[in-house]
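A short worksheet on the structure shown next.
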Amino acid sequence: MTAVGDKALAALFRNARTHNGWAEKHVSDTTLIELYDLLKMAPTSANCSPGRFVFVRSAEGKERLKPALSYGNVEKTMSAPVTVIASIDHEFYEKLPSLFPHADARSWFTSSPAVAEETAFRNATLQAVYLILAARALGLDTGAMSGFDNAKVDAAFFAGTTWKSNFLINLGYGNPSKLYQRLPRLAFYEACRFE
Ligand SMILES: Cc1cc2nc3c(=O)[nH]c(=O)nc-3n(C[C@H](O)[C@H](O)[C@H](O)COP(=O)(O)O)c2cc1C
């Protein structure tokens, strides 16, 4: 007996794939807002919520992204209905007085840049993963990519801000004919142990 049933487990994990091609089907603002409203509810440490998400949809936005992409990521990104720049607000702690109001959590991070960096990266990455799972739950397909130049994306989208790119996620409705072969996964005892 599971909390969500086999259909959901298949959609989220067992049958979900990383997509490289896309159907010509629009992803609405309502869907993207619903996506954020799901992912924002998943946990981050001290509720710090450092993940920021830029939904690149316009031809102009895609052209700005293009010079930063590795060659193999250009076509799938330019044809995706949406490319998310999963990003990190490096001054995430400025929101803590409202996100974690019962303690002076802001000072935990302003007093230690190293802890702030580690916390920002860990939790923003978690939130990007939550986005992938929330997208799958809403019937969207995803394709994560780290093959791009972060500095170029930051210059093109985040100059003069405290945001920086982490990785990219294409979003849309996948074209199964463009899937790569499913790769093996580590078995339980290769990746886990009991203590
Ligand atoms: C963080 C991250 C970065 C990735 N970067 C790229 C990339 O730059 N280009 C690419 O074609 N695939 C990229 N992938 C896709 C992986 O190779 C793919 O998710 C993995 O092989 C599993 O495929 P499957 O989900 O279809 O089983 C990336 C995946 C993740 C999670």
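Determine, for each peptide in 168-175, 182-189, 72-79, the mean count of other beta carbons within 10 angstrom over its residues, then list the peptides with the highest first. Show your work: numbers first, answer last.
On the way: 168-175: 22.5, 182-189: 7.5, 72-79: 16.9.
Top of the packing list down: 168-175, 72-79, 182-189.
What order do you get for 140-153, 8-21 when each peptide is scored by the mean count of other beta carbon atoms within 10 Å, highest first?
Per-residue mean Cβ counts within 10 Å order the peptides as 140-153, 8-21.
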*Using the Karplus curve 6.51 cos²θ - 1.76 cosθ + 1.60 with θ = phi - 60°, work out ³J(HN,Hα) for each residue of region 94-102 in order, rounded to whole Hz, and write x for Gly and Pro.*
5, 8, 5, x, 9, 7, 9, x, 8
_Can you list residues from other chains, or at least 5 along the same chain, whose modelled amide H is less than 5 Å from the amide H of PHE167?_
ALA86
*Under 30 Å from LYS40, Cα to Cα: lysines that are on another chain or at least 8 residues apart*: LYS7, LYS25, LYS62, LYS66, LYS76, LYS95, LYS152, LYS164
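Tell me which DSSP H helices of the chain clear both cut-offs, 30 Å or more of axial length from alpha-carbon atoms and a mean Kyte-Doolittle hydropathy of at least 0.5. All intermediate terms of the calculation are to be shown ahead of the outcome.
Working: long enough: 113-137 (35 Å, 0.57).
Taking the DSSP H segments of the chain (at least 30 Å long, mean hydropathy at least 0.5), we get 113-137.
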_region 11-17 - phi-based ³J(HN,Hα) in whole Hz, Karplus 6.51/-1.76/1.60, Gly and Pro as x_ = 5, 7, 10, 5, 9, 6, 10
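How high is the relative contact order of the chain, in percent, counting Cα pairs under 8 Å that sit 6 or more residues apart? Walk me through the intermediate numbers first.
On the way: 280 pairs, mean separation 68.0, N = 195.
Here the relative contact order equals 35 percent.
First check a/c for the chain, with a ≥ b ≥ c the square roots of the eigenvalues of its C-alpha gyration tensor; if it is under 1.5, answer rounded, and if not, answer prolate when a/b is larger than b/c or oblate otherwise. Numbers along the way, then the final one.
Details: a/c = 1.69, a/b = 1.19, b/c = 1.42.
Note, shape of the chain comes out oblate.
With the contact rule set at Cα under 8 Å and sequence spacing of 6 or more, what percent relative contact order holds for region 12-112?
On the way: 75 pairs, mean separation 33.8, N = 101.
Across region 12-112, relative contact order equals 33 percent.
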*In whole Hz, what ³J(HN,Hα) sequence does region 169-183 give by Karplus (6.51, -1.76, 1.60; θ = phi - 60°), x for Gly and Pro?*
9, 6, 10, x, 10, x, 9, x, 5, 9, 5, 7, 4, 5, 9
*Roughly how many whole Å is it from the C-alpha centroid of region 140-163 to that of region 41-118?*
9 Å
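Any read-out appearing in this document is the output of simple, stated calculations on the displayed coordinates, not a laboratory observation. On a predicted model such as this, the values are computed, not experimentally measured, just so you know. Note that we place each Cβ from the backbone using ideal geometry, even for glycine, and neighbour counts take in every protein chain shown.
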